[in-house]
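Just below is one structure, and these are the notes that go with it.
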Amino acid sequence: MAKTVALDDVTLFSKRLRPRRRPDRLVKVRGLPIPEEWKSSKTIQSWHVLQLGTYFILIEEEYGVRPPYGFVVFGNGARERVANTQELRGRVLKIASEIREARRRVEKEIRVSPQAWQCRVCGSRSKCRQSRA
Ligand code: SF4
């Protein structure tokens, strides 16, 4: 029998990978934390698997143990077991790296060359480092 250790009240966070996630339920089975994600849909979707894959990595970082599997629990009570495979781990780490890279690009300042009058009437002028006004 699985013992509930968290019910939507534990936030998992990785300093290294950045994501912050809260599984719907965390149970303990033979000493291992097993995440559950509850969905209203009737079938498992690829992003459900990725969500569990993210929990696996965060649980490993937080508790120092690797959950061997997790569950997607559907509205009708059916459960789909998702294995914590190397392939899934690799996919999640690749996506996390792509997101971090995209964030870095977004944060990078874009060089602009406006006319001085455009800066004079611009609402962002007080915070802008490229203002010509
Ligand atoms: S003040 Fe900055 S944001 Fe506004 S127009 Fe000038 S360069 Fe662009």
*asked:* Counting only other residues whose beta carbon sits under 14 Å from that of residue 83, what net charge do I get with K and R as +1, D and E as -1?
replied: +3
*Sorted by mean Cβ packing within 10 Å, highest first, what order do the peptides 34-43, 83-92, 116-125, 103-112 take?*
34-43, 83-92, 116-125, 103-112
*Over the chain, what is the mean sequence separation of C-alpha contacts under 8 Å (at least six apart), divided by residue count, expressed as relative contact order in percent?*
17
*Overall Cα dimensions of the chain, principal axis frame, Å, largest first*: 70, 32, 27
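Rule-based calculations on the coordinates, nothing more; no lab input. Because the structure is a prediction, the values reported are computed rather than measured. Virtual Cβ from ideal backbone geometry, glycine too; neighbours counted across all protein chains shown.
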